[in-house]
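Note sheet for the following structure.
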Amino acid sequence: MGEGAWIAPLAGGALIGAAAALMMGLHGRIAGISGVLGGILTGDRALWRGLFVGGLVAGGLLMSQLMPSAFPSESSRSMAALIVAGLAVGVGTRMGNGCTSGHGVCGIARGSRRSIVATVTFIATGALTVWVVGALGGHV
């Protein structure tokens, strides 16, 4: 890592933490993306939900213009594989009552044992998946 390469990740982490704290402080809500988006998909059209998701999309679009090299435009995966992977993540977040942002950022910050177990499970399952795919000759 080059000199000063730690600044962007540190700033990003601080912004995520600040956003999570603001969401809890101002709305009494956990800044878990799957829960926010899930609420929209199940009919809760509260303005804050739309602004939250819109901000995620707008931030991604803005950064793709400011730092295009951070957003590779090609994938070695087929569109079908990407759709299946996205659906699997969605099902998993429903089964686990949250995603990495809800459990990993907000839950751990609140000292939730359930969130700590969930986050360890996410990480272990991801590592195991990478190992299995690599052992079978695939690439991740």
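Scanning for something in contact with a Gly (Cβ under 9 Å, 6 or more places away or on another chain), in a helix (DSSP H, G or I) and either in contact (Cβ under 8 Å) with a residue 40 or more places away in the chain or aliphatic (A, V, I, L, M) (or both), does the stretch 72-91 turn up at least one residue?
yes
Condition check ((1) more than 29 Å from S76 (Cβ to Cβ); (2) assigned to a helix (DSSP H, G or I)) across all residues:
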| site | (1), (2) |
| --- | --- |
| V105 | yes, yes |
| I108 | yes, yes |
| I116 | yes, yes |
| I123 | no, yes |
| A127 | no, yes |
| G137 | no, no |
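Provide a single number: the residues in the stretch 108-140 that are at pLDDT below 90 and within 14 Å of the chain's Cα centre (by Cα).
Within the stretch 108-140, residues that are at pLDDT below 90 and within 14 Å of the chain's Cα centre (by Cα) number 2.
Within the stretch 96-108, can one find any residue that is in contact with a Cys (Cβ under 9 Å, 6 or more places away or on another chain), surrounded by 10 or more Cβ atoms within 10 Å (Cβ to Cβ) and touching a residue at least 60 places away in the same chain (Cβ under 8 Å)?
So far as the stretch 96-108 goes, yes, one or more of its residues are in contact with a Cys (Cβ under 9 Å, 6 or more places away or on another chain), surrounded by 10 or more Cβ atoms within 10 Å (Cβ to Cβ) and touching a residue at least 60 places away in the same chain (Cβ under 8 Å).
On the basis of being under 23 Å from A20 (Cβ atoms), out of contact with any helix residue (DSSP H, G or I) (no Cβ under 8 Å at 6 or more places or on another chain), at pLDDT 90 or above and not in a helix (DSSP H, G or I), does G59 make the cut?
It is false that G59 is under 23 Å from A20 (Cβ atoms), out of contact with any helix residue (DSSP H, G or I) (no Cβ under 8 Å at 6 or more places or on another chain), at pLDDT 90 or above and not in a helix (DSSP H, G or I).
Based on what the data block shows, is G35 exposed (fewer than 14 other Cβ atoms within 10 Å of the Cβ) and at pLDDT below 90?
no
Taking the stretch 1-54 as the search range and keeping residues that are part of a loop (DSSP other than H, G, I, E, B) and aliphatic (A, V, I, L, M), which one is nearest to the chain's Cα centre (by Cα)?
A31
Output the qualifying pairs, or none if there are none: Cβ atoms under 9 angstrom, residues six or more apart or on different chains, first residue in the stretch 117-137 and without any contact (Cβ under 8 Å) to a residue 40 or more places away in the chain, second residue basic (K, R).
Filtered contacts from the stretch 117-137: no entries.
The values are calculated or read from the model by the stated rules, or taken from the named source; none is laboratory data. Please read these numbers as outputs of a predicted model, since none were measured by experiment. Cβ: placed from backbone, ideal geometry, glycine included. Neighbour counts: every protein chain shown.
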